[in-house]
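In what follows, a single structure is set out as structure tokens and then discussed.
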Amino acid sequence: MTELQSIASQVRRDILRMVHGCQSGHPGGSLGCADLLVALYFQQMKINNRKGKGGYLSFNMDGKGEDLFYLSNGHISPVFYSVLARRGYFDVTELATFRKLNSRLQGHPTTHEHLPGIRIASGSLGQGLSVAIGSALSKKLNGDKTLVYCLMGDGEQQEGQVWEAVQFAPNNNVDNLVAFVDVNGQQIDGSTKKVNDNRDLGAKYKAFGWRVLHVDGNNMDELTTLLRKIKRLVGKGQPIAVMMKTEMGQGVDFMMHSHKWHGVAPNDAQLEQALSQLEETLGDY
Amino acid sequence: MKKYTFTEKKDTRSGFGAGMQVLGQTNPNVVALCADLVGSLKLDAFIKENPERFIQCGISEANMIGMAAGLTIGGKIPFATTFANFATSRVYDQVRQSVAYSHKNVKICASHAGLTLGEDGATHQVLEDLGMMKMLPGMTVINPCDYNQTKAATIAIAEYDGPVYLRFGRPVIPVFTDPDQKFEIGKAWMVNEGTDVSIFATGHLVWEAIQAGEMLEAEGINAEIINIHTIKPLDEKAILASVKKTGCAVSAEEHQVAGGLGDSIAQVLIQKHLAPLEYVGVKDTFGESGTPAQLMEKYGLSAKAIVEAAKRAISRKK
């Protein structure tokens, strides 16, 4: 196991334990996107490593001089929270408060409770790409050369606002922006094909003027190679879209190949069975 | 009755445009966004002088609101502009999640509010915007009354850190407030001190309230007129002080009576000082095509309607 893979294994354990702890939340997409978020936060993104109060990473909302990440499909908050905590924004023990009363770890990410690392509320789908574009424009106005990353779901592509944003970005040369679409082919009511077929998403983004790349989002080597390539492709007049093929529930055999674990928590036995498939690498919270 | 005169009539949206021009020259963080209505929003001067700080969004208001939220990250002060209907009801969820709940420093600036949009008719005549926006926690809601006050409000909201809804309109109306006024968010303006009835008016209805005050004076009724330009946060202190003196009130707004300024005042009176309140507003109906003057008359938003409401309120006093 590489270092990134080992972190991803721990993040997957965190996800399962968080969702089990409150018996609610969305494990499927979280498990599928664990590799991307780990690769972004532990290797790709330029992050201010200065430590503040309590030894945690100091967080500044404006994020000047830092690469920024926006999670548009906010329901996969477990993976976001775990990665932020493991990266040092807050204590990993706080993951145990997920979805509980008076927690900063709300069901869907929010700035409202001032959790370090979160810059926008998301959950109502389709809004994150617009926010990411605005953030990228803000960087351009500030002469800030750092980048903006955004992650959306594939089911989310059914929202109209996504396409307003997809049309805007290439027309305005927002080339400091990288948008990932988590193509796991599943949504709450079934496969995306059955519910409302997205057809060829990559071709659509290309037609709108994006530079489109494809990757296996559950292959860490492929992911890190792609992310290195992306660093050379930004700043060339075009926003970049990555169609990232993932498996919902990746890492837990009985959660894969189905939409059933989109928003269902494992019971005690299922948790035990799931955790037995994922090595505890950094220590459970 | 204090005399109010005017030498010219102007639209409040032009006051917004003038305020934006000032901000363009004085505040380098101010960015303007518009969804294909640059001329209607009077943004030409700002765009001409600050082309790099103008973002043409095209006809995609949801994306505009989201981008405005994103622009605040990095310290920009985005003014997202379009017609009031498209700035509120069309994008309510975007405003709720990306702006209000996320507490972003976005200024949502909306023209062509209410019936006075006129001939375009009910599809465009939003009469629910104040209610929708004031319900959002942390949202400041402002509805200025003339060109000068709109200009001053536009400049003032750039200095305030937090989400704001600024509502103005299309018709040319008398310019009667001080051109050099300092706009204080949340501070009601005493237009005329009186003793018999409190008339609380906002937006285009303030000039109507002044005319109503003169008509009431001719009948021996001494009306207190207060301009509530900030619907939220509401100047409860000014409202209570006035009603404690006069014993009854009238609210006047170019908005549905449900959920508007009148309801905000009613909440204050019910909880803190019970007194008769009469509403002047649109009564649970959509608008229609017509000239602004015709519509204001037909839907009961005139000085005459305020006079009648004032008399009803006075007659209900114990």
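Here are some notes:
- Restricting A:GLY126, A:GLY143, A:GLY117 to residues that are part of a loop (DSSP other than H, G, I, E, B), touching a helix residue (DSSP H, G or I) at 6+ places or on another chain (Cβ under 6 Å) and more than 10 Å from every other protein chain (Cβ to nearest Cβ) narrows the list to A:GLY117.
- Filter result for B:ILE65 (assigned to a loop (DSSP other than H, G, I, E, B) and within 8 Å of chain A (Cβ to nearest Cβ)): no
- With respect to the conditions (1) surrounded by fewer than 24 Cβ atoms within 10 Å (Cβ to Cβ); (2) without any contact (Cβ under 8 Å) to a residue 40 or more places away in the chain, A:LEU137 lacks only one, and its number is (1).
- Test result for A:TYR89, closer than 19 Å to A:PHE42 by Cβ, in contact (Cβ under 8 Å) with a residue 40 or more places away in the chain and more than 10 Å from chain B (Cβ to nearest Cβ): no
- Check on B:GLY118, within 14 Å of chain A (Cβ to nearest Cβ) and on the phi > 0 side of the Ramachandran plot: no
- Applying the criterion of at least 3 residues that are under 17 Å from the mean Cα position of the chain (by Cα) and within 22 Å of B:VAL250 (Cα to Cα) to the strands (runs of 3 or more DSSP E) found wholly in region B:131-235 leaves B:189-192, B:197-201, B:223-227, B:230-232.
- Residue check, A:PHE80 in contact with a strand residue (DSSP E or B) (Cβ under 7 Å, 6 or more places away or on another chain), touching a residue at least 40 places away in the same chain (Cβ under 8 Å) and more than 14 Å from every other protein chain (Cβ to nearest Cβ): yes
- Test: residue in region A:74-90 that is more than 23 Å from B:HIS103 (Cα to Cα) and over 15 Å from the mean Cα position of the chain (by Cα): yes
- Residue satisfying all of: in region A:1-28; more than 23 Å from A:ALA269 (Cβ to Cβ) and part of a helix (DSSP H, G or I); nearest to the chain's Cα centre (by Cα) among these: A:ALA8
- Hey, A:ALA179 assigned to a strand (DSSP E or B), more than 14 Å from chain B (Cβ to nearest Cβ), in contact (Cβ under 8 Å) with a residue 60 or more places away in the chain and under 22 Å from B:SER98 (Cβ atoms) or not: no
- Some residue of region A:62-72 being crowded, with 22+ Cβ neighbours inside 10 Å, outside any helix (DSSP H, G or I) and more than 14 Å from chain B (Cβ to nearest Cβ): no
- A:ALA96 fulfils the conditions (1) small (Gly, Ala, Ser); (2) buried (at least 24 other Cβ atoms within 10 Å of the Cβ); (3) in contact (Cβ under 8 Å) with a residue 12 or more places away in the chain except for a single criterion, (2).
- Of the listed requirements (1) on the phi > 0 side of the Ramachandran plot; (2) within 11 Å of chain A (Cβ to nearest Cβ); (3) of a type outside the set (Phe, Trp, Tyr), B:ASN105 misses just one: (1).
- In the set (1) in a loop (DSSP other than H, G, I, E, B); (2) out of contact with any Gly (no Cβ under 6 Å at 6 or more places or on another chain), the condition left unmet by A:ARG86 is number (1).
- Of the listed requirements (1) hydroxyl-bearing (Ser, Thr, Tyr); (2) within 16 Å of the chain's Cα centre (by Cα); (3) not in a loop (DSSP other than H, G, I, E, B), A:SER135 misses just one: (2).
- The listed residue being among the β-branched types (Val, Ile, Thr), surrounded by fewer than 19 Cβ atoms within 10 Å (Cβ to Cβ) and in contact with a strand residue (DSSP E or B) (Cβ under 8 Å, 6 or more places away or on another chain), out of B:VAL22, B:VAL31, B:VAL95, B:VAL38: B:VAL38
- Within region A:191-285, helices (runs of 4 or more DSSP H) holding 3 or more residues that are surrounded by 14 or more Cβ atoms within 10 Å (Cβ to Cβ) and at negative phi: A:201-208, A:220-233, A:268-275
- Cβ separations smaller than 7 Å between residues 6+ apart or across chains give the following pairs from region A:19-43 residues that are farther than 17 Å from A:ALA96 by Cα to residues that are acidic (Asp, Glu) and outside any loop (DSSP other than H, G, I, E, B): A:GLY29/A:ASP182; A:GLY32/A:ASP182; A:CYS33/A:ASP182.
Okay, residues lined up against (1) part of a loop (DSSP other than H, G, I, E, B); (2) of a type in the set (Val, Ile, Thr); (3) in the same structural domain as B:GLY287 (by TED's automatic domain parsing); (4) touching a helix residue (DSSP H, G or I) at 6+ places or on another chain (Cβ under 9 Å):
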| residue | (1), (2), (3), (4) |
| --- | --- |
| B:ALA32 | no, no, no, yes |
| B:SER40 | yes, no, no, yes |
| B:ILE55 | no, yes, no, yes |
| B:ALA69 | no, no, no, yes |
| B:ALA80 | no, no, no, yes |
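- Selection from region A:146-163 of residues that are facing chain B (nearest Cβ under 8 Å) and crowded, with 24+ Cβ neighbours inside 10 Å: A:GLN161
- Selection from region B:68-98 of residues that are touching a Ser or Thr at 6+ places or on another chain (Cβ under 7 Å), small (Gly, Ala, Ser) and more than 9 Å from chain A (Cβ to nearest Cβ): B:ALA84
- Yes/no for B:ALA303 being crowded, with 23+ Cβ neighbours inside 10 Å and within 19 Å of B:GLU214 (Cα to Cα): no
- Considering only residues in region B:58-73 that are over 24 Å from B:ASN143 (Cβ atoms) and buried (at least 24 other Cβ atoms within 10 Å of the Cβ), the one that is farthest from the chain's Cα centre (by Cα) turns out to be B:ILE73.
- One residue stands out among those in region B:263-286 that are touching a residue at least 60 places away in the same chain (Cβ under 8 Å) and assigned to a helix (DSSP H, G or I): the one that is surrounded by the fewest Cβ atoms within 10 Å (Cβ to Cβ), which is B:ASP263.
- Checking every residue in region A:79-88 against the condition of being farther than 26 Å from B:GLY70 by Cα, buried (at least 17 other Cβ atoms within 10 Å of the Cβ) and basic (Lys, Arg) gives zero matches.
- Restricting region B:1-16 to residues that are of a type outside the set (Lys, Arg) and surrounded by fewer than 24 Cβ atoms within 10 Å (Cβ to Cβ), the residue that is farthest from the chain's Cα centre (by Cα) is B:MET1.
- Yes/no for B:HIS112 being within 14 Å of B:GLU254 (Cβ to Cβ) and without any contact (Cβ under 8 Å) to a residue 60 or more places away in the chain: no
The values are calculated or read from the model by the stated rules, or taken from the named source; none is laboratory data. None of the values given here were measured: they were computed from a predicted structure. Backbone-built Cβ (ideal geometry, glycine too); neighbour counts: all protein chains shown.
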